[in-house]
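*Asks:* Provided herewith is a single structure, encoded as structure tokens, for subsequent inquiry.
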Amino acid sequence: MGRLLKFFRLPGREKALFFNALYLLATYRIRLQVTSTQHIFNRVQRLSCEKYVANPSPVPPQRIARLLNVAALFIPYSTCLSKALAGQILFAGHGHKTRLHIGVANDAQQNFEAHAWLSLDDIILIGRLPGLERYREFPSLDKISPK
């Protein structure tokens, strides 16, 4: 009941942002299962450029990140990558140019791991986790041009 009350107390702009986050998370969760990753990256890059607004919204980036993370709790099997991809578009629509990072590492048993995160002005908004520095980051996706 507490979560429901919190939701109804949100300003209308934040409720809309939350539902947009749910939609984007579900969309990219499904697309990651049925579409090539390169195609998705190209699409996200294009959409984030199209949706970018020059004037940032009054909703602070940390609040947008919080709403996205809460929305991810309602999408089964949300991954760091689906959150980062959805976040890239969500932040662009609110006037924030974020950077999508993807890195790989080996865990203690030498098993391969991958992680995705979003940053804004070198501050991690989505995907912060302990030991993030052990991930070897791929070149910026901003520098990869669509085919």
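The values are calculated or read from the model by the stated rules, or taken from the named source; none is laboratory data. In this text the structure is predicted, and so the values were computed from the model without any measurement. Neighbour counts run over all protein chains shown; Cβ positions are idealised from the backbone, glycine included.
*Asks:* So which residues in region 127-147 are modelled with pLDDT under 80, closer than 21 Å to Ala105 by Cβ and loosely packed, with under 12 Cβ neighbours inside 10 Å, if there are any at all?
*Replies:* Ser140, the sole residue that qualifies.
*Asks:* What's the number of the only condition in (1) in contact (Cβ under 8 Å) with a residue 24 or more places away in the chain; (2) under 17 Å from the mean Cα position of the chain (by Cα) that Pro60 fails to meet?
*Replies:* (1)
*Asks:* Report the residue count in region 13-34 for those that are within 17 Å of Ser78 (Cβ to Cβ), without any contact (Cβ under 8 Å) to a residue 60 or more places away in the chain and not charged (D, E, K, R). Lay out the reasoning, then the answer.
*Replies:* Filtering region 13-34 for residues within 17 Å of Ser78 (Cβ to Cβ) gives 17-34.
Then drop every residue that is not without any contact (Cβ under 8 Å) to a residue 60 or more places away in the chain, which leaves 18-19, 22-23, 26-34.
Okay, now just the ones that are also not charged (D, E, K, R), so 18-19, 22-23, 26-28, 30, 32-34.
Residues in region 13-34 being within 17 Å of Ser78 (Cβ to Cβ), without any contact (Cβ under 8 Å) to a residue 60 or more places away in the chain and not charged (D, E, K, R): 11 in total.
*Asks:* Select from region 69-120 the residues that are part of a strand (DSSP E or B) and small (Gly, Ala, Ser) and write down the one among them that is surrounded by the fewest Cβ atoms within 10 Å (Cβ to Cβ). Show your work before the answer.
*Replies:* Taking region 69-120 as the starting set, the residues that turn out to be part of a strand (DSSP E or B) are 99-106, 112-120.
With the extra rule that they be small (Gly, Ala, Ser), the set shrinks to 103, 105, 114, 116, 119.
Numbers: Gly103: 17, Ala105: 16, Ala114: 13, Ala116: 22, Ser119: 16.
So, considering only residues that are part of a strand (DSSP E or B) and small (Gly, Ala, Ser), the one surrounded by the fewest Cβ atoms within 10 Å (Cβ to Cβ) is Ala114.
*Asks:* Also: Can you confirm whether Ile124 is in a strand (DSSP E or B), under 12 Å from the mean Cα position of the chain (by Cα) and surrounded by 12 or more Cβ atoms within 10 Å (Cβ to Cβ)? Break it down stepwise before answering.
*Replies:* On the way: in a strand (DSSP E or B): yes; under 12 Å from the mean Cα position of the chain (by Cα): yes; surrounded by 12 or more Cβ atoms within 10 Å (Cβ to Cβ): yes.
Considered against the rule, which asks whether it is in a strand (DSSP E or B), under 12 Å from the mean Cα position of the chain (by Cα) and surrounded by 12 or more Cβ atoms within 10 Å (Cβ to Cβ), Ile124 comes out as yes.
*Asks:* Take residues that are surrounded by 13 or more Cβ atoms within 10 Å (Cβ to Cβ) and of a type in the set (Val, Ile, Thr) and tell me which of the helices (runs of 4 or more DSSP H) falling wholly in region 1-65 contain 1 or more. Show your work before the answer.
*Replies:* Numbers: elements: 2-9, 12-34, 37-51.
In region 1-65, 12-34, 37-51 are the helices (runs of 4 or more DSSP H) which contain 1 or more residues that are surrounded by 13 or more Cβ atoms within 10 Å (Cβ to Cβ) and of a type in the set (Val, Ile, Thr).
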